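Just below is one structure, and these are the notes that go with it.
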Amino acid sequence: MTQTPDSTFLEFMNSAQQNILSTYENQDYPFEQIVDKLNVTIPCSRNPLFDTMLILHNENASTNQIANNGLEFSPYRLDHNTSTLDFKVDVYQRISGELSCLLEYNTNLFIEETMTRLAEHFQKLIVQVVSNPAQKIANINIFTAEEADQIEAKREQNLTSSNDMISLVVSSTFTSDPIGDYLSWWCEQLGLEVDVKFTSYNQVFQELLDPNRLISTNSGANILLIRFEDWKETLLNL
């Protein structure tokens with residue numbers, strides 16, 4: 001589903017509707033086969049296809065209670081403290097026709113202040129598109145002037161940071177050069193550009209004590225690898 005800034009919100013909604021209906025036509029396709037065909041490498045603790053979700057619960061929109069053969073059933077809310085996604089929004093339709101939203105998020109990724117702002121912006125978005133659904137997507141504005149300036153400043157900071165190469169210095173009590181390729185590979189997987197350098201063999205203490213040595217003058221990250229038996233041998237030779 002591709003949209004341009006010149007597309008209207010109505011065009012976006014129609015496109016989303018067609019995409020969802022098309023998805024429903026293939027809902028019986030095995031989820032495991034979809035993941036296999038995508039051939040993505042994702043940690044087992046994360047969902048392989050998506051990290052966020054919005055769910056409209058309209059299965060019992062007309063009433064909160066169900067009666068059958070003299071038995072009455074009503075929903076019982078179960079509180080839990082575990083988020084299965086980065087964040088999730090559950091939308092419930094009330095008898096009065098109003099919609100209420102429940103926001104669930106991962107506290108390891110977001111703080112309450114951030115998610116409160118997200119909820120406020122979501123409400124502003126709804127008000128704007130309901131009042132003028134024919135407006136262009138590019139004209140939808142949910143941020144204040146102050147928020148827009150903060151976002152732009154963070155964007156520029158991220159662009160600057162992403163272009164900076166990290167100087168990574170490794171000092172060890174043994175020959176550690178073979179780990180250079182592994183360090184470079186893992187940093188590449190994390191999207192980090194690094195310059196890996198190694199100090200002289202078995203010069204850890206000299207590197208730490210001399211302010212002019214490589215570790216002391218490095219402005220990036222330092223790694224110290226100390227094998228206990230090497231340390232013990234060094235101390236015995238002092």
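Taking the Cα centre of the chain as origin and charging only Cβ (+1 Lys, Arg; -1 Asp, Glu), how large is the dipole, in debye to the nearest 20?
180 debye
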task: Could you please tell me the mean projected area of the C-alpha convex hull for the chain, averaged over all directions and given in square nanometres to one decimal?
output: 23.0 nm²
- line: Ranked on Cβ counts within 10 Å of their own Cβ, fewest leading, S22, S184, S45, S171 go S45, S22, S184, S171
message: What lysines does K136 reach when the alpha-carbon gap must be under 20 Å and sequence neighbours fewer than 8 apart in one chain are set aside?
response: K124
message: Compute the helix-to-body angle for 9-25: its Cα long axis versus the longest principal axis of the chain, expressed 0 to 90° and rounded to tens.
response: 90 degrees
query: Mind checking which lysines have their C-alpha under 27 Å from K37, skipping anything on the same chain fewer than 8 residues away?
result: K88
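Quote the relative contact order of the chain in percent (integer), defining contacts as alpha-carbon pairs under 8 Å separated by 6+ residues. Write down the numbers at each step before the final one.
Details: 232 pairs, mean separation 37.6, N = 238.
For the chain, the relative contact order is 16 percent.
Which value does Rg/Rh take for the stretch 106-177 over its C-alpha atoms, Rh per Kirkwood?
Details: Rg = 20.8 Å, Rh = 16.4 Å.
Using Cα coordinates only, the ratio equals 1.27.
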message: Report the gain in length on full extension from M13 to D51: 0.36 nm times residue separation, minus Cα-Cα distance, nm rounded to one decimal.
response: 11.5 nm
task: Sequence neighbours fewer than 8 away in the same chain don't count; with that in mind, list the aspartates and glutamates whose C-alpha is under 15 Å from K197.
output: D177, D181, E207
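FYI, it's all coordinate maths here, none of it is from the lab. As the structure is a prediction and not an experimental result, all values here were calculated from the model. Every residue, glycine as well, gets a Cβ built from its backbone with ideal geometry; the counts of neighbours run over all protein chains shown.
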